[in-house]
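Here's the structure we're looking at; comments come further down.
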Amino acid sequence: MAKFINTKKAVSELEDLIRNAGERLILVSPYLKLSKDFKELLTYRNSKDKITTIIFGKQELNPDEMNFLLGLRFVNLKYNESLHAKCYLSDDKMIITSLNLYEFSMVNNKEMGVLIDKNDDADKQLFEDALKEVDYIKETSQKFELIVTKPFVPKQNEQKLGKEKSTQSGFGKKKGFCIRTGIEIPFNIERPLSYEAYKKWNEYADADYPEKFCHFTGETSKGETSVNRPVLKKNWKKAQEVFDL
C-alpha cells in the first residue's frame with residue numbers, strides 16, 4: 001500500500017524515480033528551480049533519448065535554468081498558471097507530495113507525501129485514478145517555448161542590437177532597474193541585470209549572490225535582492241499588481 005514519506009525520503013525517492021524511469025516521466029511542480037543533482041539526473045535521462053514532461057506554474061526561470069533546459073532535446077515544458085499540485089511519476093511509481101521541484105524547498109522546508117507503487121495490488125487503483133488527473137492537467141496545460149535572445153540588453157544598446165523579443169513571461173518593455181548598478185532597464189524578473197552587469201555576474205553565475213538594488217523600485221536593497229529574488233519582499237505585492245505577475 002501507499003507509503004508515507006518525509007522531506008528527506010521524498011527527495012531520495014524522487015531521485016530514484018527519475019533515475020530509474022522507463023519511457024514515462026512526468027514532473028508536476030508549480031516552482032521549477034533545479035538543484036545540481038536533479039540537473040544531472042535529467043541530463044543523464046536526456047542522453048538516453050528518453051522524453052521527460054515537466055509541467056510548472058510559475059514563470060520565474062532565471063538565465064541559468066533557461067539555458068540548461070534549452071540544452072535538453074527530450075524535455076517537454078508545459079505551463080499551467082493555476083497549477084498548485086506537486087506530483088512526480090514514472091511508468092510504475094508516483095510521488096504525491098507538498099515538495100516542489102525547487103532546491104530551496106528540498107533543503108529548508110518540512111514536507112511530506114506518499115509513495116504509490118503500481119506493482120502493489122493495493123495501490124493499482126489509486127495509481128490509475130491519480131494518473132487520470134495528471135493526464136488531464138497535462139492536456140489542459142499550454143506548451144511553453146523558450147526563446148533564445150541576447151541577455152539583459154540595456155536601452156543604450158537597443159539601436160545597435162535591435163529590440164530583443166521578450167520571453168513568454170510578457171515583461172521587458174516596462175521600466176525596471178538593474179539590481180547590481182541601479183541603472184534603468186526593462187522590467188523582467190527573469191532578467192534583472194543590465195547587459196554589462198550580467199557579463200560580470202556570469203563569471204560565477206551565483207543566482208543567490210546579494211545585490212544592491214530592487215529591480216522594481218531601484219531603491220537600495222542592502223543585499224536583500226539577488227537574481228533569484230530581484231524584488232524586495234516589501235515591494236513584491238505591488239510589483240505583482242503593476243506587472244500582473
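Every number in this text was worked out from the coordinates using simple rules, so none of it is lab data. Keep in mind the model is a prediction, meaning the values are calculated, not measured. Note that we place each Cβ from the backbone using ideal geometry, even for glycine, and neighbour counts take in every protein chain shown.
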(message) crowded, with 16+ Cβ neighbours inside 10 Å and either of a type in the set (D, E, K, R) or at negative phi (or both): is that true of Leu70 in this structure?
(response) no
(request) Would you check which residues across segment 222-245 are touching a residue at least 12 places away in the same chain (Cβ under 8 Å), of a type in the set (S, T, N, Q) and within 20 Å of Lys33 (Cβ to Cβ) and list them? (result) Thr225, Ser226, Asn228
(message) Name the residue that is nearest to Tyr136 (Cα to Cα), counting only residues in segment 73-102 that are acidic (Asp, Glu) and in contact with a Lys or Arg (Cβ under 6 Å, 6 or more places away or on another chain).
(response) Asp91
